[in-house]
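The values are calculated or read from the model by the stated rules, or taken from the named source; none is laboratory data. Please read these numbers as outputs of a predicted model, since none were measured by experiment. Methodologically, a virtual Cβ is constructed for each residue, glycine included, from the backbone with ideal geometry; neighbour enumeration extends over all protein chains shown. SASA here: full protein model, heavy atoms, side chains in, ligands and nucleic acids out. Shrake-Rupley method; radii C 1.70, N 1.55, O 1.52, S 1.80 Å.
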Amino acid sequence: MADRFDLESKITDTYNFVTNINDLSESVSNGNLDDDAIVNALNGLSVLLKCHTDKLFEVFTQAYKLDDYK
């Protein structure tokens, strides 16, 4: 069962996406990526962020004993 510290950790992990987006932005600015690579990178980030937020919501529901975790 997750607690508020697990929830805090998952929220903090979200900042990793900021770093990923900044790295991608730098590569785009430097002309290191073609259009296909940019689209693939953005799609990949989208999938990762969706997975992360799904897990974050699961930890939230466990930490506050919502839904199936009562």
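Using θ = phi - 60° in the Karplus curve 6.51 cos²θ - 1.76 cosθ + 1.60, the 3J(HN,Hα) couplings for the range 29-34 round to 4, 7, x, 7, 10, 8 Hz; x is entered for Gly and Pro. Modelled label positions at Asn40 and Leu66, each set 7 Å beyond Cα in the direction of Cβ, lie 3.7 nm from each other. For the range 52-57, 3J(HN,Hα) computed residue by residue from phi via the Karplus equation (6.51, -1.76, 1.60; θ = phi - 60°) reads 5, 5, 4, 5, 4, 5 Hz, glycine and proline entered as x. Charges were assigned to the Cβ only: +1 to each Lys and Arg, -1 to each Asp and Glu. The resulting dipole of the chain about its Cα centre is roughly 360 debye. Per residue, the accessible area of the chain comes to 76 Å², computed with a 1.4 Å probe over protein heavy atoms only.
Selection among Asn43, Asn20, Phe5 by position relative to the dipole of the chain gives Phe5 as farthest towards the positive end (Cβ unit charges, Cα centre).
Accessible surface of the chain, 1.4 Å probe: 54 percent of it comes from carbon and sulfur atoms.
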